[in-house]
Amino acid sequence: MDFAELVRGFPELTTTGLVQGAIYALIALGYTLVYGVLRLINFAHSEVFMIGTFGAIWTWAAFGLDSNSGAPSVGRSLLLIALAIVAAALLSGSVALLIEVTAYRPLRRRNAPPLAFLITAIGASYALMELMGTLTQRRQIGSPALLPADTLFSIGGWSVTPVQMLTLSVAIIMMVGLDWFVNRTRFGKGIRAVAQDANTAALMGVNKSRVIALVFVLGGLMAGVAAVFSDMKSGNTRYNIGFLLGLKAFSAAVLGGIGNLRGAAIGGIMLGLVENYGSALFGSQWRDLIAFVVLIVLLMFRPTGLLGESLGRARA
Amino acid sequence: MTALRERWHSASSAFGRRVDGLPKSARITGLLAFVAFLYVLPNKWFYEYLNIPGVWIPLYTTRNDMAAVLFYCAWIVLLSLGLNVVVGYAGLLDLGFFGFFAVGAYTVALLTSPESKLITEYNWLESPWPWLVTVPIAVALALLSGVLLGAPTLRLRGDYLAIVTLGFAEMIRIIAKNQDWILNGDRGIPQVAHPPGKYPDGSAIFQFEFKPYYWLLLTVIIAAVFLIRNLANSRVGRAWVAIREDEDAAELMGVPTFRFKLWAFAIGAAVGGLSGTLWAGQANFVNSSTFSLENSILVLAAVLLGGAGSIGGAILGGFLVIYIPEWLRSVGDVFGLPETATVFGNDFDVSPTSLRYFIFGILLIIVMIFRPQGLWPNRRRAAELKDRQKEVAVVE
């Protein structure tokens, strides 16, 4: 127990925790959306994220930037990041759609038992991971340094770098946008209707198949955005990066109440913060343990997570 | 496509009926012959005999020892038999099965290794124990840990149970990896004892060669199959089926659901622990890297691929999830497939060896799409599923 370390590093731990938490939250939204609509843990979602990290790096590589090139000017950097976000989101979204069409839809047609979906998810996850492993020769791929690493501004001892600022603001925009999309638009109404009762919704004229595909694409878009910031934060990626991050993000989704969008956002940010504080307190080798301890303790007292599970229920 | 499926279904069920129609003596002879086949399988002369050129696709693996592959298959088969009790019979989704495996393996390692800190630092033991003595202790500890983990968590249902068991298994793994006072962290515990036994000429049977371990595991599996089969056909087994089908209805009918779920969990854990003791005896070394979540997921895939709730299915699934990737390793040599492909001036490794898990993943998807009930399902489950398929799903 190192309280001095926690107190001394508190501002920095909070900022990095928030950034990590925002990445968890963006991935967790994908788990929660699919779970809310289909009652299905989409175990292949971690690979959707993983493909996104490569999508961003490939985009930058197309502009001749790799881990050795120097940082371009700020304006050009921002443009490149925006391009990478679009590319990674599109790539992740299409991979998510591909998984839904090839691995889940045929099973839904046959009214297969729920556990069969788990196996096709594992199969899709193996296939994507190994495919990328072969394509990248199982090497770690570095991402270029885009924004300067120095402090953007600081208040008291609280300093924020440009990457952190950008991550947090884009993540918040994406989350608010998704919340608006699901709760305020016509498409969102369709999603909530299918989440409440898929067959009744279909009888009322909602195109169930299209709504499910939309949900997968939305989750993929969020994971793609998270992937760009994960690249910028850690500076590299690997074909098996999705596993641990996906696991943590899934824990975050359960923490907030799986199937609940705001829950996933809160769960992700909370997990990022608690992990950071915890690793300062107990030592960084216990970082991964803290996530699971928090999760299990919370589930003992609130068996459906912080906010409870509801995509359609509470606000329908 | 549908016609093809229909024909395949009728053919496979016709085969099943024909086997059922045989007199009991014939069935037992067939079973014994199959078991004998399994015992001779790791002998090189036997599978080379099987490989008549041009007729057989070689069953054996050229890039690694067939006995080793069979040992790993048998290892996963034993684990999936244990997990089948939990997932298949009682319907509890357990994603942390390797936690119990870890308990078994570490117990054996701590008690039998001369390097164990119980001996070198804490002086709890005078000298390392023999392997055989520690097996019952390890199994009992695994069973106990199953009860300890199950008691607070089994009140959760479905997916929440899955995430909690997953969390616990990851916690066991991370603790084993990082703590140093007893489990030696990542360095692990070396010099774990082998099982006892000597050849007539005085040399030990169980050294580093895989073949005797495979035979030992096969024997243990046969014993486990008998035990689990009897259990499944007893009052306990009927209670499990009732819980799986409708927990609330079972409770109302007077089945103490919590107690039977705990039993299933504990029995699964004990089998997992047993598998851990055998694995530690072979590997001679235990550290946390074997207990990864990937392995728990692989065992779960084995159970569901074979068909949840069926012993034959668990065996078949456990065999296939190890054997298919290992066989794909060497299939390139057999058919002379290319090793690398050049696209836009970049060389990519496209040998089946490095793509084996990619192919395996695709195979998992295809098998599940065509046989969502598993390859060799429990009859009752298959019938339920047929009913489900008839249920009206609203057309999109």
Report those helices (runs of 4 or more DSSP H) wholly inside the stretch A:172-264 carrying at least 3 residues which are within 14 Å of chain B (Cβ to nearest Cβ), closer than 21 Å to A:Glu47 by Cα and open to solvent by 10 Å² or more (accessible area, probe 1.4 Å).
-> A:241-256
Got a sec? Which of B:Gly312, B:Gly361, B:Gly374 is surrounded by fewer than 20 Cβ atoms within 10 Å (Cβ to Cβ) and under 16 Å from B:Leu300 (Cα atoms)?
-> B:Gly312
The stretch B:20-88: helices (runs of 4 or more DSSP H) wholly inside it with 3 or more residues that are under 18 Å from the mean Cα position of the chain (by Cα) and modelled with pLDDT of 85 or more are B:66-83
Could you figure out which of (1) assigned to a loop (DSSP other than H, G, I, E, B); (2) crowded, with 23+ Cβ neighbours inside 10 Å isn't true of A:Pro148?
-> (2)
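Condition check ((1) assigned by TED's automatic domain parsing to the domain that holds B:Val35; (2) of a type outside the set (S, T, N, Q); (3) in contact (Cβ under 8 Å) with a residue 60 or more places away in the chain; (4) outside any strand (DSSP E or B)) across all residues:
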residue	(1), (2), (3), (4)
B:Thr290	no, no, yes, yes
B:Ile297	no, yes, yes, yes
B:Leu300	no, yes, yes, yes
B:Gly312	no, yes, yes, yes
B:Gly318	no, yes, yes, yes
B:Leu328	no, yes, no, yes
B:Thr342	no, no, no, no
Got at least one residue in the stretch A:98-121 being within 14 Å of chain B (Cβ to nearest Cβ), on the phi > 0 side of the Ramachandran plot and out of contact with any Leu (no Cβ under 7 Å at 6 or more places or on another chain)?
-> yes
So A:Val37, is it at negative phi, part of a helix (DSSP H, G or I) and open to solvent by 10 Å² or more (accessible area, probe 1.4 Å) = yes
Restricting attention to the stretch B:344-354, does a residue exist that is within 13 Å of chain A (Cβ to nearest Cβ), acidic (Asp, Glu), open to solvent by 30 Å² or more (accessible area, probe 1.4 Å) and touching a residue at least 12 places away in the same chain (Cβ under 8 Å)?
-> no
Whichever residue in the stretch B:144-164 is hydroxyl-bearing (Ser, Thr, Tyr) and facing chain A (nearest Cβ under 10 Å) and, among such residues, is most open to solvent (accessible area, probe 1.4 Å) = B:Tyr160
Can you pull out the residues in the stretch A:108-118 that are among the aliphatic types (A, V, I, L, M) and closer than 16 Å to A:Tyr35 by Cα?
-> A:Leu115, A:Ala116, A:Leu118
Members of the stretch B:156-182 that are modelled with pLDDT under 80 and under 26 Å from the mean Cα position of the chain (by Cα) = B:Leu156, B:Arg157, B:Gly158, B:Asp159
Of the conditions (1) assigned to a loop (DSSP other than H, G, I, E, B); (2) farther than 17 Å from B:Phe291 by Cα, B:Leu183 fails just one. Which one is it?
-> (2)
The lone exception for A:Thr304 - which of (1) out of contact with any Phe, Trp or Tyr (no Cβ under 8 Å at 6 or more places or on another chain); (2) of a type outside the set (Lys, Arg); (3) in a loop (DSSP other than H, G, I, E, B) it fails | (1)
Restricting the search to the stretch B:186-221, which residues are touching a Pro at 6+ places or on another chain (Cβ under 7 Å) and either in contact (Cβ under 8 Å) with a residue 40 or more places away in the chain or outside any loop (DSSP other than H, G, I, E, B) (or both)?
-> B:Gln191, B:Ala193, B:Pro196, B:Phe206, B:Lys211, B:Tyr214, B:Leu216
Checked the stretch A:94-118 for anything buried (at least 22 other Cβ atoms within 10 Å of the Cβ) and modelled with pLDDT of 90 or more; matches are A:Val95, A:Ala96, A:Ile99, A:Glu100, A:Ala103, A:Tyr104, A:Phe117
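The values are calculated or read from the model by the stated rules, or taken from the named source; none is laboratory data. The model shown is predicted, which means the values in this text are computed figures rather than measured ones. Because the Cβ atoms are built from the backbone with ideal geometry, glycine has one as well, and the counts that use them run over all protein chains shown. Remember, those area values only see protein heavy atoms, side chains included, never the ligands or the DNA or RNA. Shrake-Rupley method; radii C 1.70, N 1.55, O 1.52, S 1.80 Å.
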